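Notes to accompany the following structure.
The values are calculated or read from the model by the stated rules, or taken from the named source; none is laboratory data. Just so you know, these numbers come straight off a predicted model, no measurement behind them. Because the Cβ atoms are built from the backbone with ideal geometry, glycine has one as well, and the counts that use them run over all protein chains shown. When the accessible area is computed, the model is the full protein with side chains, heavy atoms only, and any ligands, DNA or RNA have been set aside. Shrake-Rupley method; radii C 1.70, N 1.55, O 1.52, S 1.80 Å.
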There are 2 protein chains.
Amino acid sequence: MSDQQQVQLRVGLAQIDTRVGDIAGNAELVRTWAAKAAGDGAHLVVFPEMTLTGYPAEDLVLRESFATASEQALVDLAARLADDGLGEIAVVVGYLAHTEGAGPAQVDHPPKDDADRPGDANPRRGAPRNAAALLHGGQVVTRYFKRHLPNYGVFDEARYFVPGTELPVVRFRGVDVALTICEDLWVEGGPCGVAGQAGVDLVVSPNASPYERAKDDLRLPLVRRRAAEARATILYCNQVGGQDELVFDGDSLAVSPTGDLLARAPQFVEHLLTVDLAIDPSAVPERRDGRIGPMTVTRHVLSEDPVPAFEARPGTVAQPLTDCEEVWRALVLGLKDFIDKNGMPSVVLGLSGGIDSAVVAVIAADALGPDRVHGVGMPSVHSSAHSLSDAQELAERVGLHYSVVPIAPMVDAYHSSVELTGVAAENLQARVRGTLLMGLSNQHGHLLLTTGNKSEVAVGYSTLYGDSAGGFGPIKDVPKTLVWELARWRNDQARRRGEVEPIPQHCIDKPPSAELAPGQVDTDSLPSYDELDAIIADYVDGDLGMAQLLERGHDAETVARVLRLVDAAEFKRRQSAPGTKISLKAFGRDRRLPITNRWRETLPTVREGAQA
Amino acid sequence: MSDQQQVQLRVGLAQIDTRVGDIAGNAELVRTWAAKAAGDGAHLVVFPEMTLTGYPAEDLVLRESFATASEQALVDLAARLADDGLGEIAVVVGYLAHTEGAGPAQVDHPPKDDADRPGDANPRRGAPRNAAALLHGGQVVTRYFKRHLPNYGVFDEARYFVPGTELPVVRFRGVDVALTICEDLWVEGGPCGVAGQAGVDLVVSPNASPYERAKDDLRLPLVRRRAAEARATILYCNQVGGQDELVFDGDSLAVSPTGDLLARAPQFVEHLLTVDLAIDPSAVPERRDGRIGPMTVTRHVLSEDPVPAFEARPGTVAQPLTDCEEVWRALVLGLKDFIDKNGMPSVVLGLSGGIDSAVVAVIAADALGPDRVHGVGMPSVHSSAHSLSDAQELAERVGLHYSVVPIAPMVDAYHSSVELTGVAAENLQARVRGTLLMGLSNQHGHLLLTTGNKSEVAVGYSTLYGDSAGGFGPIKDVPKTLVWELARWRNDQARRRGEVEPIPQHCIDKPPSAELAPGQVDTDSLPSYDELDAIIADYVDGDLGMAQLLERGHDAETVARVLRLVDAAEFKRRQSAPGTKISLKAFGRDRRLPITNRWRETLPTVREGAQA
């Protein structure tokens, strides 16, 4: 590359909402969005991590038929893109590869000897790879295998994949393009560092990076650090959409080697971000291949000729959302995709007149439209008058379907048959409601939403098979204090738009109560939610022990009480519905604790005479 | 070591039932069993993997307070053993170590740069290690960090631990002892290979190897291969007991370098296996240290003098159990430990007169004694006369508590309040039963047992929050055909012992039915259980795709129907109770599939003109 001029390239970052397991459908999505990008004049378009299989595909990865289908779909896709007249643009897609060699369980298990190994999830069926390929001219031009496999939090990639050791660099229209995948970008001295030593012009990075509150604030500084390390422009393309407990927020971006944010896509929507690059190949002092650090760099020349000069457009940069708006949209998209991707026509939920069910109802209405939302008031003898009136008012404001089924006849029937008192009688009411709602779910095909928040789920303040019954828990990872904040924000947003505020003010203002016993309020058995949520954040999200919790200023007795509740509720959580993760550590796959567990946080006792 | 004579050593393998999280209690267990071993004249005693913390401790490992407590307990234990007068015997215990350096999530994440990394489960708190230590004379003499970390099936060790690279060899009473842990033994060319090259006399291997059917058949050949590789005697000590979904079977054994089985402990009981070794140090041609393969061998001399000559006793070899007995004892111990370790006084279950609830009732009675088992008959209008009479007969034969609550009043109350027909009406009956049983559970402190078998759990032939309600599912991993086999075996065993056969023959003989609709039998909606279980074994346990399933001779239409059911039931399984794993792949942590999943097994279609 002797040309000292700037080389232009129009690139597209297609942040799309793929479906796990829908290989054919995802390939169609790629064709549609590649055509869109070509229509917009793009020369190269990048799709998210594991585009063809969806992410995370979990144990489907271990199934040979699935891996084979992914490999076949990649080859077919290359051919189809060419048939579509899109053979000239370079398309980077993620897929599940299936190479020769030992799978991840066998990394340390040489074959032959232990072929009879029990419990081996992946016996000698080749090595699954988290892969990305560059397609061009009807062909699969090059394949990259993810090097850094996250295996913490919600991630289990060491279970599935064998890490790659090659960094392919493809010269396309005079621009040297290196392929990486997601986690590779989080590692200093990883593939971006190798790319920096090898000398490249552009690093593409397909991602499946799950949403967490304020994670977008970390992405730009991170990509800037890597762009500096790679001495190249980085194209970061993240997927969008809900997948069980995860929601992906997009937020794709392009950053120049000097750290300039060239363009940034909005969060929570499918979007094609187009960026016009002007690359100066002379800025790369040297171009090498072969062994660099732990990787081997290979180079492929696809085309030397730069694209004809074109008039560059300035990149668009989406404005960041406020915290509440970001969380709200995460919850709405997480629920919408769970319902729609699972083909459910509608949802049903119990409306108690309380804040949790009110917020869930509005999230559901925002996600699905109010006509697909069915609320049911189920008053008992302990229900206050405002329970029903608040629920009804909410239903009217939101415009959802509403019906009322008093639970007394069922509750009485149980009490005539068995003796249930105290907590057993309280739980009975919740279970009668759960049974009614599941009956309506079965009868009408609604998916039942459970309305428990993270504070309740943490301390087990719910009835198993009662109010915890449901196929999805939209606010499962939302602490109670944030539920209130979201309610106020959503009403405020409606007011600004001149719309009816969906949530009755009284739902927000009244003291929370399960209304399972006369005059009951939550604070009878729990500390204030301000206190509770602060402890949960430190104990659950932060994994702090007793000494650290006390250092953080929490009241010792309250901490002891809360921790006992959290520890004892593990068996309930194990049977709880999935719900959208928004926090650093959500209940579910993110936090894996034994049910049978004698560990209780206490202050460490030093044995007399013992040396630490 | 110039002595060419044989060196004697009496070693103990203490296969004990530890409790996850009970660091103090587990340390006490070690003291008790070390004293027992010393009383039996042992010079060295080996305990299972992660003795002090219990195994698997899951995300407790990530909590700094927990790791610190484990480290402290190890030091305390060494001192206490000396105080107990046990300072002269060498005690090998497993524990959770906490070393300087980056944790597993940071293996590829150097510090500083990405300190703000989101989703990081273990931010810079030091490196947790799956460790074993040799205690002697009041001191921690040496520490070994597990090298091979299983991360497949039920295992997530790459999530928790940093692998070790050092192999410590301790000379104790003239015998060179190398430390390894569990998975290290499954790897050819692993630490045993390194030990073989270094030259050692004895390899100790603390294990936490979960029970699977016939896994014991693999252990002896495996240990023999490693003993040959290590050119040393191997002491394999496995833990015993239930921990949530896992049960450990013990089956500890000692194998000589030439592959002789010196002794073998029984399965499913705490046991001290004592073995008298006669070691010939001259059989080791060379003794090296330093870098060998991927590990560094270090040598410590604790004592050169052999123990005084003693009269050796022959080792005892426990006889293998039959398949049914082995499975039965796994189920009994898995349930017993779940109930007792969680401090539950008693269990309750619905007795339908069918085979599943009959078998679960007998397992519970065998585990807890009949006085802690409460059966409830809950007849409906669809119940046949024999349902009640078979249930009652079972209760009498087993001697458990029995009561009857007809469900009609509750069912009628629901029907008067909401319209529920078809499947919704069928499920209602199951949910009324679930609510009744949970009421009794709350009222009396019983843990509710759910009686679904693996075949039902696979195809979703159960009602969520109905018959699937419960805190533990004893036969969750037992296919229906094996349920029958176990019933016949258990009756046969009783007959041989001259006891009353616990299960009425009619429970075994009658066609299975959910009795939720008039004249209903399982085969109305399912294939025969022989056919079903064979397909489940291949699809679920074997992870086979459609082409392979058809090659195995299954009927194409039946396979398609069963696979559709299995795939669609994922949301139910996600909320199901834990139950003892006995198969190669149990539902639960062993098999992690997305709920939202469009992948359906079909025969691969080759696109016209496409190249594979």
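Within the stretch B:209-251, the residues that satisfy the criterion of being of a type in the set (Lys, Arg) and within 12 Å of another protein chain (Cβ to nearest Cβ) are B:Arg213, B:Lys215, B:Arg219, B:Arg224, B:Arg225, B:Arg226.
Here B:Ala178 passes the criteria (1) outside any loop (DSSP other than H, G, I, E, B); (2) in contact with a Phe, Trp or Tyr (Cβ under 6 Å, 6 or more places away or on another chain) except the one numbered (2).
Is it the case that A:Ser417 is under 22 Å from B:Val418 (Cβ atoms) and modelled with pLDDT under 95? No. Taken over the stretch A:420-429, the criterion of being assigned to a helix (DSSP H, G or I) and open to solvent by 10 Å² or more (accessible area, probe 1.4 Å) is satisfied by A:Gly422, A:Val423, A:Ala425, A:Glu426, A:Asn427, A:Gln429. Selection of the stretch B:438-458 for residues being more than 10 Å from chain A (Cβ to nearest Cβ) and open to solvent by less than 20 Å² (accessible area, probe 1.4 Å) yields B:His446, B:Leu449, B:Thr450, B:Gly452, B:Asn453, B:Lys454, B:Ser455, B:Ala458.
The set of residues in the stretch A:34-49 being open to solvent by 30 Å² or more (accessible area, probe 1.4 Å) and aliphatic (A, V, I, L, M) consists of A:Ala35, A:Ala38. Identification of strands (runs of 3 or more DSSP E) wholly contained in the stretch B:254-298 with 3 or more residues that are of a type outside the set (A, V, I, L, M) yields B:271-279. Whenever a residue of the stretch B:479-504 is over 30 Å from B:Asp538 (Cβ atoms) and in contact (Cβ under 8 Å) with a residue 40 or more places away in the chain, its partners that are surrounded by fewer than 19 Cβ atoms within 10 Å (Cβ to Cβ) and hydrophobic (A, V, I, L, M, F, W, C), lying with C-beta atoms within less than 8 angstrom and at least six residues away or across chains, give the pairs B:Val500/B:Ala494; B:Glu501/B:Ala494; B:Pro502/B:Ala494. If I filter the stretch B:365-388 down to residues being in a helix (DSSP H, G or I) and modelled with pLDDT under 95, which single residue comes out as least open to solvent (accessible area, probe 1.4 Å)? Per the stated criteria, the residue is B:Ser387.
Which one of A:Ala208, A:Ala198 is more than 30 Å from A:Leu331 (Cβ to Cβ), open to solvent by less than 10 Å² (accessible area, probe 1.4 Å) and touching a strand residue (DSSP E or B) at 6+ places or on another chain (Cβ under 8 Å)? Sole residue among the options that is more than 30 Å from A:Leu331 (Cβ to Cβ), open to solvent by less than 10 Å² (accessible area, probe 1.4 Å) and touching a strand residue (DSSP E or B) at 6+ places or on another chain (Cβ under 8 Å): A:Ala198.
In this structure, does B:Val404 turn out to be closer than 30 Å to A:Val405 by Cα, away from every other protein chain (no Cβ under 13 Å), without any contact (Cβ under 8 Å) to a residue 60 or more places away in the chain and open to solvent by 40 Å² or more (accessible area, probe 1.4 Å)? Taking the combined requirement at face value, the residue does not satisfy it. Can you tell me which residues in the stretch A:50-84 are in contact (Cβ under 8 Å) with a residue 40 or more places away in the chain, open to solvent by 10 Å² or more (accessible area, probe 1.4 Å) and of a type in the set (Gly, Ala, Ser)? Scanning the stretch A:50-84 gives A:Ala69, A:Ala73, A:Ala79, A:Ala82.
Note on the stretch A:22-33: residues that are over 17 Å from A:Gly250 (Cα atoms) and buried (at least 24 other Cβ atoms within 10 Å of the Cβ) amount to 1. Scanning the stretch B:3-40 for residues that are touching a Ser or Thr at 6+ places or on another chain (Cβ under 9 Å), within 29 Å of B:Glu64 (Cα to Cα) and in a loop (DSSP other than H, G, I, E, B) yields B:Ile16, B:Thr18, B:Arg19, B:Val20, B:Gly21, B:Asp22. For B:Glu570, the stated conditions hold: it is more than 9 Å from chain A (Cβ to nearest Cβ) and either buried (at least 17 other Cβ atoms within 10 Å of the Cβ) or not aromatic (Phe, Trp, Tyr) (or both). Being part of a loop (DSSP other than H, G, I, E, B) and not hydrophobic (A, V, I, L, M, F, W, C) is the filter here; which residues of the stretch B:192-217 pass it? Passing the criteria: B:Gly199, B:Asp201, B:Ser209, B:Tyr211, B:Glu212, B:Arg213, B:Lys215. It is to be established whether one or more residues within the stretch B:311-324 are over 30 Å from B:His43 (Cβ atoms), away from chain A (no Cβ under 14 Å) and surrounded by 15 or more Cβ atoms within 10 Å (Cβ to Cβ). Within the stretch B:311-324 (the criterion being over 30 Å from B:His43 (Cβ atoms), away from chain A (no Cβ under 14 Å) and surrounded by 15 or more Cβ atoms within 10 Å (Cβ to Cβ)), the answer is yes, since at least one residue qualifies. Does the stretch A:352-364 contain any residue that is part of a helix (DSSP H, G or I) and of a type in the set (S, T, N, Q)? Yes, the conditions are met somewhere in the stretch A:352-364.
Does A:Pro594 meet the test of being buried (at least 20 other Cβ atoms within 10 Å of the Cβ) and over 22 Å from A:Asn453 (Cβ atoms)? The answer is yes for A:Pro594. Checking the structure you have, find out if any residue of the stretch A:287-303 is within 14 Å of another protein chain (Cβ to nearest Cβ) and surrounded by fewer than 19 Cβ atoms within 10 Å (Cβ to Cβ). Taking every residue of the stretch A:287-303 in turn, at least one turns out to be within 14 Å of another protein chain (Cβ to nearest Cβ) and surrounded by fewer than 19 Cβ atoms within 10 Å (Cβ to Cβ).
Scoring A:Thr233 on the criteria (1) in contact (Cβ under 8 Å) with a residue 12 or more places away in the chain; (2) out of contact with any Cys (no Cβ under 9 Å at 6 or more places or on another chain); (3) hydroxyl-bearing (Ser, Thr, Tyr); (4) farther than 17 Å from A:Pro281 by Cβ leaves a single failure, condition (4).
One line per residue, one yes/no per condition, for (1) within 10 Å of chain B (Cβ to nearest Cβ); (2) closer than 26 Å to B:Thr596 by Cβ:
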site: A:Thr523; (1), (2): no, no
site: A:Pro527; (1), (2): no, no
site: A:Glu531; (1), (2): no, no
site: A:Asp541; (1), (2): no, yes
site: A:Glu551; (1), (2): no, no
site: A:Glu557; (1), (2): no, no
site: A:Val562; (1), (2): no, no
site: A:Pro578; (1), (2): yes, yes
site: A:Arg589; (1), (2): yes, yes
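Regarding A:Thr481, is this residue crowded, with 24+ Cβ neighbours inside 10 Å and either touching an Asp or Glu at 6+ places or on another chain (Cβ under 7 Å) or in a helix (DSSP H, G or I) (or both)? No, not satisfied.
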